[in-house]
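Visitor: Next up is a structure, given as structure tokens.
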Amino acid sequence: MKMDAGAARPRRVFRIQTADRLSHRAAIAACIALLMLVLLPVFAGRNLIQDLIFLFYMLALAQCWNLLAGYAGLISVGQQAFVGLGGYVLFALTLIGGVNPLLAIPVAGIVSAALALPTALIVFRLRGAYFAIGTWVVAEVYRLVFAQVKALGGGTGTSLSPSVTSSVPGIEWIKALLDVRTPAARDIASYWLALALMAGTLAFVYLVLRSRRGLALGAIRDREAAAASLGVDIDRIKLAVYVATAAMTGMVGALIYLQKARISPDAAFSVLDWTAYVLFIVVIGGIGTMEGPVIGAIIFYLMQRYLADFGAWYLILLGTLGILVMLFAPRGLWGLVCERYDLTLFPTRRRLVVDEDSSQG
């Protein structure tokens, strides 16, 4: 008796997969790490808390720029515009409007997003290097405008009063719970706010990349012309990403200057502090990946923590490391690891998986 060869062959089952067992374990490890960071102020000293605040907001800024440049292809060197804008909106709301600082942070994000729309109408007419220069020019315009606002200190800047910095909800509760003084309690409150904003930024970016918009962004990153031919509205998606990153950057800027308690136009709109360092973090870590900015932020923090006292040599070392990574690992350090070990902890790409279903005969 002859058997049907087609019936004996196992049937192939096709499915789309994003996460795998390794990514599930990475997600669990990330949740455990987040919980440990939440509890850290109970045990850590004030210096470590202040260092981690810096690490958190640099990581949040880097992840925003990574979404903007690594996926939407918008190479901006003017993101300091929204850092400074967020900081100045917080100062205006708290000093002039009497708004609670905790409420002023999301308002700063909303204002930054609103002003990103007319900004986009200007810079989106430019392409490539002209777009990058245009964003920097816009940031300089913001700096010059706020330097003329006398109510906020003009060109020399202004400071938050102790009554404003101490009005953040929860400070008295922190003092009673951890038995610390008011300055330490303010740092712990800023730490938890920075941690929440950093975690929220990473979660937002990851969820966007896992969504249909993320699929479109991946197509734009891989081949913009091909994405347009498949019906992807490139300009609309780029505008949405630009506005969203402006909102997140504005909130981070508000938190930065709430913690610093002093602002000036030159500091708030500094291209070195809020764009050049962020570019360095993303480039050495790995642009276009979730893990890259995390690696880059940790390396940048360690270099600043232990090498900043060397003055100009510190900047030379930063530049040298950036050049070496671009020459020998164009996809960044995490990209080098991915190529060698095929390792992805937080995958965003969709993969076609073929399973053999031997139950069909």
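Visitor: How about the stretch 326-353: which of its residues are among the β-branched types (Val, Ile, Thr), open to solvent by 50 Å² or more (accessible area, probe 1.4 Å) and part of a helix (DSSP H, G or I)? Lay out the reasoning, then the answer.
Guide: Residues of the stretch 326-353 that are among the β-branched types (Val, Ile, Thr), as a first pass: 337, 344, 348, 353.
From what is left, the residues that are open to solvent by 50 Å² or more (accessible area, probe 1.4 Å) are 344.
None - no residue of the stretch 326-353 is among the β-branched types (Val, Ile, Thr), open to solvent by 50 Å² or more (accessible area, probe 1.4 Å) and part of a helix (DSSP H, G or I), so the list stays empty.
Visitor: Still on this structure: Checking the structure you have, find out if any residue of the stretch 174-195 is under 26 Å from Ala247 (Cβ atoms), without any contact (Cβ under 8 Å) to a residue 12 or more places away in the chain and hydroxyl-bearing (Ser, Thr, Tyr).
Guide: Checking the stretch 174-195: not a single residue is under 26 Å from Ala247 (Cβ atoms), without any contact (Cβ under 8 Å) to a residue 12 or more places away in the chain and hydroxyl-bearing (Ser, Thr, Tyr).
Visitor: Right, something else. Condition first: of a type in the set (Phe, Trp, Tyr) and at pLDDT 90 or above. Can you find one or more residues in the stretch 335-351 that meet it?
Guide: Residues of the stretch 335-351 of a type in the set (Phe, Trp, Tyr): 341, 346.
Subsequent filtering for residues that are at pLDDT 90 or above retains none.
No, the stretch 335-351 contains no residue that is of a type in the set (Phe, Trp, Tyr) and at pLDDT 90 or above.
Visitor: Could I ask something else about it? Assuming Ile110 fulfils every condition listed in (1) surrounded by 16 or more Cβ atoms within 10 Å (Cβ to Cβ); (2) among the hydrophobic types (A, V, I, L, M, F, W, C); (3) part of a helix (DSSP H, G or I); (4) in contact (Cβ under 8 Å) with a residue 60 or more places away in the chain apart from one, which condition is it?
Guide: If we test Ile110 against (1) surrounded by 16 or more Cβ atoms within 10 Å (Cβ to Cβ); (2) among the hydrophobic types (A, V, I, L, M, F, W, C); (3) part of a helix (DSSP H, G or I); (4) in contact (Cβ under 8 Å) with a residue 60 or more places away in the chain, just (1) comes out false.
Visitor: Also: Condition check: in contact (Cβ under 8 Å) with a residue 12 or more places away in the chain and under 12 Å from the mean Cα position of the chain (by Cα). Does Trp274 satisfy that? Step through it out loud before you land on a result.
Guide: Numbers: in contact (Cβ under 8 Å) with a residue 12 or more places away in the chain: yes; under 12 Å from the mean Cα position of the chain (by Cα): yes.
Considered against the rule, which asks whether it is in contact (Cβ under 8 Å) with a residue 12 or more places away in the chain and under 12 Å from the mean Cα position of the chain (by Cα), Trp274 comes out as yes.
Visitor: Determine whether Gly311 is surrounded by 12 or more Cβ atoms within 10 Å (Cβ to Cβ) and small (Gly, Ala, Ser). It would help to see each step written out before you state the result.
Guide: Details: surrounded by 12 or more Cβ atoms within 10 Å (Cβ to Cβ): no; small (Gly, Ala, Ser): yes.
No, not satisfied.
Visitor: Now for a separate question. For the stretch 76-106, how many residues are under 21 Å from Ala194 (Cβ atoms), under 24 Å from the mean Cα position of the chain (by Cα), in contact (Cβ under 8 Å) with a residue 12 or more places away in the chain and open to solvent by 10 Å² or more (accessible area, probe 1.4 Å)?
Guide: 5
Visitor: Another question, then. Quick one: in the stretch 259-278, of everything that is open to solvent by less than 10 Å² (accessible area, probe 1.4 Å) and not in a strand (DSSP E or B), which residue is farthest from Pro347 (Cα to Cα)? Quick ask: steps written out before the conclusion?
Guide: Let us first name the residues in the stretch 259-278 that are open to solvent by less than 10 Å² (accessible area, probe 1.4 Å), namely 263, 265, 268-269, 275, 278.
Subset that is not in a strand (DSSP E or B): 265, 268-269, 275, 278.
On the way: Pro265: 39, Ala268: 34, Phe269: 34, Thr275: 26, Val278: 22 Å.
Ranking the candidates gives Pro265 first.
The rows are residues; the columns are (1) over 30 Å from Phe82 (Cα atoms); (2) surrounded by fewer than 17 Cβ atoms within 10 Å (Cβ to Cβ); (3) at pLDDT below 95.
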{"site": "Ile16", "(1), (2), (3)": "yes, yes, yes"}
{"site": "Leu22", "(1), (2), (3)": "yes, yes, yes"}
{"site": "Ala27", "(1), (2), (3)": "yes, yes, yes"}
{"site": "Cys31", "(1), (2), (3)": "no, yes, yes"}
{"site": "Gly45", "(1), (2), (3)": "yes, yes, yes"}
{"site": "Ala60", "(1), (2), (3)": "no, no, no"}
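Visitor: Which residue, of Ile323, Ile316, Ile298, Ile281, is open to solvent by 50 Å² or more (accessible area, probe 1.4 Å), part of a helix (DSSP H, G or I), touching a helix residue (DSSP H, G or I) at 6+ places or on another chain (Cβ under 8 Å) and of a type outside the set (Ser, Thr, Tyr)? Working first, answer last.
Guide: Working: Ile323 fails: touching a helix residue (DSSP H, G or I) at 6+ places or on another chain (Cβ under 8 Å); Ile316 fails: touching a helix residue (DSSP H, G or I) at 6+ places or on another chain (Cβ under 8 Å); Ile281 fails: open to solvent by 50 Å² or more (accessible area, probe 1.4 Å).
The unique qualifying residue is Ile298.
Visitor: To continue, here is another question. With Arg236, Arg221, Arg186 as the choices, which residue is among the basic types (Lys, Arg), open to solvent by 10 Å² or more (accessible area, probe 1.4 Å), out of contact with any helix residue (DSSP H, G or I) (no Cβ under 9 Å at 6 or more places or on another chain) and part of a helix (DSSP H, G or I)?
Guide: None of the other options fit; the residue is Arg236.
Visitor: Oh, and also: Can you find a residue that is on the phi > 0 side of the Ramachandran plot, open to solvent by less than 50 Å² (accessible area, probe 1.4 Å), not polar (S, T, N, Q) and not in a helix (DSSP H, G or I) anywhere in the stretch 165-176?
Guide: yes
The values are calculated or read from the model by the stated rules, or taken from the named source; none is laboratory data. All of these numbers come straight from a predicted model, not from anything done at the bench. Positions of Cβ are generated from backbone atoms using ideal geometry, with glycine treated the same way; all protein chains shown enter the neighbour counts. Surface areas here come from the heavy atoms of the whole protein model, side chains and all, with no ligands, DNA or RNA. Shrake-Rupley method; radii C 1.70, N 1.55, O 1.52, S 1.80 Å.
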